[in-house]
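A short worksheet on the structure shown next.
What follows is calculated from the coordinates using simple rules that are stated; it is not laboratory data. Fair warning: this is a prediction, and the values are worked out from it, not measured in the lab. Every residue, glycine among them, receives a Cβ derived from its backbone with ideal geometry; neighbour counts consider all protein chains shown.
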Amino acid sequence: MAADDDNQVPSLRKSTDESPAAPTRANLREVFKDVEHEPGAKKPDPIVVASGVRRTFGGLTAVDVKHVEIQRGAITALIGPNGAGKTTFFNLLTGFDRPDEGKWSFKGQNLAGVPAAKVARMGMVRTFQLTKVLSRLTVIENMRVGAGKQVGEKIWAAMFSFLWRDQEAKNTERADDLLRRFLLHEKREDFAGSLSGGQRKLLEMARALMADPELVMLDEPMAGVNPALKQSLLGHVKSLRDEGRSVLFVEHDMDMVRDISDWVIVMAQGQVIAEGPPDTVMSDQRVIDAYLGAHHDQELTFEAEERIMAEAEAELAAEHEEEAR
């Protein structure tokens, strides 16, 4: 595990002697060392590749991504202003929406026309900005639903409990391990609808791990989460990388982006306008102009403040004069 990561959590992922070691943050800095800091930059080992992906709604072009690659084993942040097309791009990659044109792949497999359920079974699992817990099921029942390849889901097998009893017991054991990891074990028998917003975020992330995914996609994991749970969520996201999983997340919290991301992709008006390590992207003039604001991290001098106040007063006086006419 990376030495500079706090809130480290033990991995639940099974490993073998043949499995490559999980990348540390220091190793990933080395991986990205020779990658260009430009939109569409080629990555050494991409797990997702998208080219020419375009989605329009009437006359509005929501997504127009020329080329983007997501590095395997890294935490990649997708940032941009509201309406930049980030969630729409998530929907396109995961099969929840269809683009007008373009191609995209996961682990080298073409995903065009692949339904969302099959994409998840392939190892690309996502959460949602508005949590999708099953409110009328208990927390443990929500977790069991997340497990893949369940024999008991087949109509012909459901009637014969001896066919699925052992598998369900193993799924329940794994679910309980995850609930303890995410500090939700005391809520095990509570209805999911009774959880707080932050607890629902934790449950959704834990349920996603029931499928043992290779790529976890988080849509604004910190939205609506109180400060007490934010650090816990941050630790869990870092632990995904420590397990060797890849993470792609949408977020507006720039402190979080700086803290945990290895690479940042910036979208504006449906297009990728910048890429690079967090510190590089935050100082990119294109990103400042499109998202962070022209005065981002700039000191406001007394003279500048006087000028801004004078301009505001002049504009207000002009408005009053216009109204008087």
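Each label point was placed 7 Å from the Cα along the Cα-to-Cβ direction; for ASP190 and LYS33 their separation is 4.8 nm. For segment 29-146, with equal point scatterers placed on the C-alpha atoms only and solvent neglected, what are the log10 I(q)/I(0) values from the Debye formula at q = 0.09, 0.18, 0.21 1/Å, to two decimals? For the requested q values the scattering log ratios are -0.30, -1.05, -1.28.
Assuming a viscosity of 0.890 mPa s and a temperature of 25 °C, what translational diffusion coefficient in µm² per second does Stokes-Einstein assign to segment 160-232, Rh being the Kirkwood radius over Cα pairs?
Details: Rh = 13.6 Å.
Stokes-Einstein gives a translational diffusion coefficient of 180 µm²/s.
Peptides 171-180, 185-194 ranked from most to least packed give 171-180, 185-194, packing being the mean of other C-beta atoms within 10 angstrom over each peptide's residues.
Here the extension length gained between ALA223 and SER51 equals 59.0 nm, from 0.36 nm per residue of separation less the Cα-Cα distance. Rounded to 0.05, the FRET efficiency of the ASP166 and SER283 pair, given R0 = 51 Å and the Cβ-Cβ distance, is 0.40.
Set the Förster radius R0 to 51 Å, insert the Cβ-Cβ distance between LYS42 and GLU173 as r into 1/(1 + (r/R0)^6), and round the FRET efficiency to 0.05. Once the sixth-power term is evaluated, E becomes 0.75.
Residues within the reach of a label modelled at GLN129 (point 7 angstrom out along Cα to beta-carbon, backbone nitrogen below 20 Å), restricted to segment 242-282, are 248-258, 264-274.
With respect to the cross-link table entries LYS170/LYS201; LYS33/LYS107; LYS43/LYS107, which display a Cα-Cα separation exceeding 21 Å?
Details: LYS170/LYS201 24 Å; LYS33/LYS107 23 Å; LYS43/LYS107 13 Å.
Checking Cα-Cα distances, LYS170/LYS201; LYS33/LYS107 exceed 21 Å.
Among 103-112, 133-142, how do they line up by average Cβ neighbours within 10 Å per residue, starting with the highest?
Descending mean neighbour count gives 133-142, 103-112.
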